[in-house]
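This report concerns only the one structure given below.
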Amino acid sequence: MSEGGTAGARRSRVIAVANQKGGVGKTTIAVSLAAFLGGAGVRVLLVDMDPQASASSSLNIDKDSVPASVYDVLTGRRALRSVALRNARLRID
């Protein structure tokens, strides 16, 4: 039985990796954790909020070839589902 009391219900979790200082390994931790969890069969959504798109680059996504970004979601121009990309090998959205 889950914490909510409903048998078989799945519960989402949000894990944020944040620090004001640059160069402390935020992207490395986020991408590594996402890859580990994806490899373990957990459904993962990795959101790259960095203007440099370092997490996206780590997943071989060229930020200049993507037609829309999280900016479009935050400004209400696009739905999150429409800008999410899938990495099938690592099972990360």
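Think of the chain as having a plus end and a minus end, set by charges on the Cβ of Lys, Arg, Asp and Glu; of 19, 46, 68, 46 sits farthest toward the positive end of this dipole. Taken one residue at a time, the phi angles of the stretch 74-81 give Karplus couplings (6.51, -1.76, 1.60, θ = phi - 60°) of 5, 8, x, 7, 9, 7, 3, 4 Hz. Gly and Pro are set to x.
Counting Lys and Arg as +1 and Asp and Glu as -1 over every other residue whose Cβ lies under 10 Å from the Cβ of residue 92, the net charge comes to +3. Here each label is just a point 7 Å from Cα along the line to Cβ, and for residue 93 and residue 54 those points are 2.6 nm apart.
Apolar share of the accessible surface for the chain: 52 percent from carbon plus sulfur atoms, 1.4 Å probe. Residue separation of residue 36 and residue 75 scaled by 0.36 nm, minus their Cα-Cα distance, works out to 10.9 nm of gained length.
Remark on the chain: ratio of C-alpha radius of gyration to 2.2 N^0.38 Å is 1.21. Highest mean packing comes first when the peptides 16-22, 68-74, 37-43 are listed by Cβ atoms within 10 Å, giving 68-74, 37-43, 16-22. Surface analysis of the chain yields an accessible area of 79 Å² per residue, using protein heavy atoms and a 1.4 Å probe.
The values are calculated or read from the model by the stated rules, or taken from the named source; none is laboratory data. From a predicted model like this one, the values you see are computed outputs, not experimental measurements. Because the Cβ atoms are built from the backbone with ideal geometry, glycine has one as well, and the counts that use them run over all protein chains shown. Please note that ligands, DNA and RNA were not included when accessible areas were found on the heavy atoms of the full protein model with its side chains. Shrake-Rupley method; radii C 1.70, N 1.55, O 1.52, S 1.80 Å.
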